[in-house]
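FYI, it's all coordinate maths here, none of it is from the lab. These numbers come from a predicted model, not from an experiment. Please note: Cβ atoms are built from the backbone with ideal geometry, for glycine as well, and neighbour counts cover all protein chains shown.
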Amino acid sequence: NNIVTRCKGIGISLQTSLSNMNSFVVGNTIDANEGHGVEVATLAALARLVFANNIVSNQTVAAKKGLRIATGTAALNDKLKLLVDFNDFYNNTADRENISAGTYDLALDPGYVDAANGNFYVGANLKAKGFPEGNANRNIGANKSATRNYLDIGASQRGEPAAGSLLHNSSGNRASFY
C-alpha cells in the first residue's frame with residue numbers, strides 16, 4: 001500500500017513483466033501526478049497485471065490519463081488483461097486509455113481527509129467497496145454480496161495508516177515497477 005502523489009511525471013510505470021511472474025499493483029492511492037497516474041507500456045506487462053483496490057484521482061494535466069495502456073486497443077486489451085477491477089477513478093482528465101472499466105470499478109469522490117497536507121484517508125464512499133478479503137482466487141462475479149467482507153479502496157484500510165510509504169517526489173522521479 002503506497003501513496004504516490006505529486007510526481008513530476010508518471011506516478012507508476014510498468015515497463016515489462018517477467019514471463020513467469022505477475023505484477024501486483026494493489027491497494028494504492030495515486031493522486032495529482034503531472035504525468036499519467038499509471039502507465040502500462042507493453043502488452044506483456046498488461047497480460048500479467050493485477051491492478052485492484054487502487055484510487056487513481058486528480059490526474060488533470062492535459063492529455064494525461066488515470067490508467068494508460070500504451071499499446072493495443074481496448075477490445076484487444078480487455079481480452080488480454082489478467083485483472084483490472086475494483087478501482088476508483090475520480091476527477092481525471094480521462095480515466096482510461098485503451099482499456100475498459102472493470103465490472104466493479106467506481107467513479108466516486110474518495111473524500112480524502114486532507115490531501116493537500118498528505119492525509120489520504122478516505123471517506124465513507126470507498127469503505128468496503130474494494131476486492132473481497134481472503135482468497136483472491138475464488139469466483140466473485142455474480143457472488144458479490146453484503147455478507148462478504150470487502151477491503152477499502154486505496155492505501156489506507158479501515159482507518160489504519162497506509163502500510164507503505166508516501167511517494168511524493170517534486171524532483172521529477174517516479175515510482176517505477178519492473
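Structure notes:
- Segments 32-39, 106-113, 55-62 sorted - mean Cβ within 10 Å per residue, highest first: 32-39, 55-62, 106-113
- Partners for residue 8 among aspartates and glutamates (Cα-Cα distance below 17 Å; same-chain residues under 8 apart left out): 31, 34, 39
- Taking the three principal axes of the alpha carbon atoms in segment 11-88, the coordinate ranges are 33, 24, 20 Å, sorted in descending order.
- Annotation note: trypsin sites (Lys or Arg not before Pro) in segment 1-87 located in DSSP loop regions with a Cβ neighbour count of at most 14 within 10 Å are 8.
- Taking a straight line from the alpha carbon of residue 129, these lysines sit under 16 Å away, with near neighbours fewer than eight places off in the same chain left out: 144.
- Label point at residue 83 placed 7 Å out along Cα→Cβ; residues across segment 25-48 whose backbone nitrogen lies under 13 Å: 25-27, 48
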